[in-house]
Each structure stands twice: as C-alpha cells, then as structure tokens.
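Asks: Below is a structure I'd like to ask you about.
The values are calculated or read from the model by the stated rules, or taken from the named source; none is laboratory data. Bear in mind the structure is a predicted one, so any value in this text is a computation, not a measurement. So basically every Cβ, Gly included, is an ideal-geometry build from the backbone, and we count neighbours across all protein chains shown.
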Amino acid sequence: MSAEFAVVRSGRPAGAEERAAILAAPGFGQHFTDHMAAATWTAEGGWEGHKVGPLEPYQLHPSAAVLHYAQEIFEGLKAYRHDDGSVWLFRPEVNARRFARSARRLALPVLPEDDFVTSVATLVEVDEPWVPAPEGEESLYLRPFMFASEAFLGVRPASRVEYAVIASPAGPYFESGVTGVTLWVTSTYTRAAEGGTGAAKCGGNYAGSLAAQREAAEHGCDQVLYLDSAGKGNLEESGTMNLLLITSDGRLVTPELGTILEGVTRDTLLALAGEHGLTPVERSVSIGELRAGVTDGTFVEVFAAGTAAVVTPITGFKGEGGGGEGYEFTVGDGSPGRKTVELREHVLDIQYGRAQDTHGWLHRV
Ligand code: COI
C-alpha cells in the first residue's frame, strides 16, 4: 500500500488572473505551480514526512553532498487535460520503475513505486487548476527528483536524502518541434560508457551534455547526437531524446538499450509500431550506415522521442568526418516524414484522450 501524502495547502496561491496569464503562454520550465510533494529519507528512519505542501526553497548546508558529488536523479512526465475536463497521467508506473533503477545506480534509497505514483497524482490533484486546457501541446510537466542533502564531505552514499515533485505548466519543448530539428554529431564528446550512468536519469549526465550542446549550437544545430564511447561510431541518443529511424521496408529502428536512457516515449512508440505497419527493431546503427542509408533511401524518416519533446522530426545532420572535413545531409526533402507525423499524432491522441487507450496507459488523477 502506498504512503499517504498529507496535503497542506498554500496560504498564498497564485491568483486566477496570474495563473491564466501563465497558462496562456507557458513556455517550458519557467513557471511553477503553488505546491510541491516531498518526503525525506534518513538511514535511521527510512522514508518520512510524506506531504504535499506549499512550493518553497530548500535550505541546504553548503557541504550538502549533492552540491559536491552530484548524487541526484530525476524523472519527467506530464498530466494531460482531456476535452471533458478530466486530468490523466501517462504511464506513471514506468517512470516510477525507472526512478527506482536510477536510485539504485546512484546509491540513493529506492522510493516505493506506489509512493512515486501517489506523490505525483496527489500534487496534480491539488494543483489541478494549473493543468492547461487541451489545446496545442500543452500539459502540466511533472518533475520528480531526489538528492543527497546530508551535510558531509566524505565520498559515500548520503544518509539523508530529499525526494520532491514540482510541477510546471508547459508548451512544446522545441519551438520547431513539429517542423523538425537538426542534430550535430559530436566527435568531441561522448555521453556514457559501458558500466557508467548512461541508463540512469541523473543530473550529472545532463551537466556533461552542456558543453556538447554548446558545440551543437555553434554549428547551427538544435541538439547533439552522441556516438558510443568505444569508438564504434554507433548512434546512442540525443541529450534529451531517444533516436528512431524508419526504413523504406517498414522497420522502426532504434539503438538498443545499455548506455542510453530507456525512454517512456521510445517504449510507447515501439509498442505502437505494428498499428502503423512498422516492425520494431532494436539494434545498433552506425553513423556511416545512417549517412549511407539516408542518401540511398534506406532510411526514409528520422525522429527523436522524449517526454518533453514528444516526437520531434529530425530533418538534418551535421558533423565532422575524419581528417577534419565536415559533412552535412538532409533527411528526405527536409520536411517531417509521413509516418513520423502519424506516430506523433497517435501518441498525442492517446495522451489527450482522443484515441482509444487500448494498452491501458492512462491513469486518471
Ligand atoms: C524529458 O523528456 O522529460 C526529459 O527529461 C528531458 C528534459 C531533460 C528536458
């Protein structure tokens, strides 16, 4: 049975007008709701203090372990309003499972999966007026996270840890999310090595991606595409998204798990592939195969998938070949592919209650 998250309502919630102004143009990750869910773990007492209370800053000792050794993990999921006003989560138990796996990898305590789902659902219930109307691609983005708050400079798993969930009304992650984004294939940086933290959703992975992201922007690209760290030239993932390719003979190909993040949207798309006449295939694809396949028409569509980015068409790639010469190629005619758009609509239609949820993925709040 799940722990109860006792609700203490904020004495100073945003006014209806202020909230409406934010919901009219939420952007991504800039505005936050009135409340947060929280619980604290100590080595002596286990998990305690489960509550949903007013959103408030932390007071941390400057020696708090997270500030030094980055013992931290997070998740990302969304709450969607349907046309009848009801509010739903999408596969929250999959995020709960991944959060537990990330916790184990970062030597953090495991939050029971039911408690994860209850914390998120209780926060959404309390901040329900913050869930945007079902227009465009707007939703309430939920960010569960956990970090080492113990004041101690020794390098060992912390004996005090904070868990929390905050919520942020959100529009599309990319301005050009529907028209497509370009990827910079970095040969300077890699994201993860065998045995490392690549499969965990931990802040450190994202800190390490920022210089690569800057490199991508300097080359006029929207995001980075990482190759494997062993030098085989295999595609891994983009910093905030998994990568998927469609072949001319109807396969939906995506790099196999291992050093990449096991994306919920990735898994959803693999499950929906059959309904779109596609056969899901998880296998390595090298950058050489990608370049040749896009040029000779074997790979007809490429897109990226993630909770924040949903399904984002990839319209072009740039990178550096051996010997310092650069390369650049466009996927198809540079516009989003037909199947990509179809899959994107299908995922969104399920999330917003416009298509039948035959897989039982929606969780009513
Ligand atoms: C998500 O899609 O929820 C992510 O975690 C990407 C995020 C880092 C913006």
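Asks: Go through the range 274-337 and tell me which strands (runs of 3 or more DSSP E), entirely inside it, have 3 or more residues that are closer than 14 Å to GLY180 by Cα.
Replies: Fully inside the range 274-337 and qualifying: 299-306, 310-320.
Asks: Looking at the range 220-263, which of its residues are outside any strand (DSSP E or B), among the small types (Gly, Ala, Ser) and within 16 Å of the ligand (Cβ to nearest atom)?
Replies: Matches in the range 220-263: GLY239, GLY263.
Asks: Only one of ARG81, ARG19, ARG97, ARG104 is basic (Lys, Arg) and free of Cβ contacts under 8 Å to residues at least 12 places away in the same chain; which?
Replies: Working: ARG81 fails: free of Cβ contacts under 8 Å to residues at least 12 places away in the same chain; ARG19 fails: free of Cβ contacts under 8 Å to residues at least 12 places away in the same chain; ARG97 fails: free of Cβ contacts under 8 Å to residues at least 12 places away in the same chain.
After applying the criteria, what remains is ARG104.
Asks: Of the conditions (1) assigned to a loop (DSSP other than H, G, I, E, B); (2) among the charged types (D, E, K, R); (3) surrounded by fewer than 17 Cβ atoms within 10 Å (Cβ to Cβ), ARG97 satisfies every one except a single condition; which number is it?
Replies: Against the list (1) assigned to a loop (DSSP other than H, G, I, E, B); (2) among the charged types (D, E, K, R); (3) surrounded by fewer than 17 Cβ atoms within 10 Å (Cβ to Cβ), ARG97 comes up short only on (1).
Asks: Continuing with this model, one more query. So LEU210 ticks every box in (1) within 14 Å of the ligand (Cβ to nearest atom); (2) crowded, with 20+ Cβ neighbours inside 10 Å but one. Which box is left unticked?
Replies: Tallying (1) within 14 Å of the ligand (Cβ to nearest atom); (2) crowded, with 20+ Cβ neighbours inside 10 Å, LEU210 fails exactly one: (2).
Asks: Restricting to the range 16-35, name every residue that is within 28 Å of ALA3 (Cα to Cα) and touching a Gly at 6+ places or on another chain (Cβ under 7 Å).
Replies: HIS35
Asks: If SER63 passes every condition in (1) within 19 Å of ALA37 (Cβ to Cβ); (2) more than 20 Å from the chain's Cα centre (by Cα) but one, which one does it miss?
Replies: (1)
Asks: Could you count how many residues in the range 173-219 are more than 16 Å from the chain's Cα centre (by Cα), hydrophobic (A, V, I, L, M, F, W, C) and outside any helix (DSSP H, G or I)?
Replies: Count: 7.
Asks: Could you list, ordered by first residue, the pairs with Cβ atoms under 6 Å in which the first is in the range 291-310 and hydroxyl-bearing (Ser, Thr, Tyr) and the second is more than 16 Å from the ligand (Cβ to nearest atom) and modelled with pLDDT of 95 or more, at least 6 apart or interchain?
Replies: Hits for this filter: THR298/THR247; THR298/SER248.
Asks: Mind listing whichever residues of the range 46-78 are among the aliphatic types (A, V, I, L, M) and part of a loop (DSSP other than H, G, I, E, B)? Give the derivation first.
Replies: So in the range 46-78, the residues among the aliphatic types (A, V, I, L, M) come out as 52, 55, 60, 64-67, 70, 73, 77.
If the condition is that a residue be among the aliphatic types (A, V, I, L, M) and part of a loop (DSSP other than H, G, I, E, B), then LEU55, LEU60, ALA70 are the ones that fit.
Asks: While we're looking at this one, here's another question. Would a scan of the range 146-158 turn up a residue that is among the basic types (Lys, Arg) and within 16 Å of the ligand (Cβ to nearest atom)? Talk me through it step by step, then tell me what you get.
Replies: Of the range 146-158, the ones among the basic types (Lys, Arg) are 156.
Among the residues that remain, those that are also within 16 Å of the ligand (Cβ to nearest atom) are: none.
No; the residues of the range 146-158 include none that is among the basic types (Lys, Arg) and within 16 Å of the ligand (Cβ to nearest atom).
Asks: Given the structure, is GLU150 more than 21 Å from ALA3 (Cβ to Cβ) and modelled with pLDDT under 95? Even if it seems obvious, please write down each step before you answer.
Replies: Numbers: more than 21 Å from ALA3 (Cβ to Cβ): yes; modelled with pLDDT under 95: no.
In short, no.
Asks: Regarding the range 160-167, can at least one residue be identified that is modelled with pLDDT under 95, within 16 Å of the ligand (Cβ to nearest atom) and closer than 21 Å to PHE74 by Cβ? Steps first, answer last, please.
Replies: So in the range 160-167, the residues modelled with pLDDT under 95 come out as none.
No, the range 160-167 contains no residue that is modelled with pLDDT under 95, within 16 Å of the ligand (Cβ to nearest atom) and closer than 21 Å to PHE74 by Cβ.
Asks: Exactly one of these conditions fails for LYS318: (1) surrounded by 19 or more Cβ atoms within 10 Å (Cβ to Cβ); (2) under 25 Å from the mean Cα position of the chain (by Cα). Give me its number.
Replies: (1)
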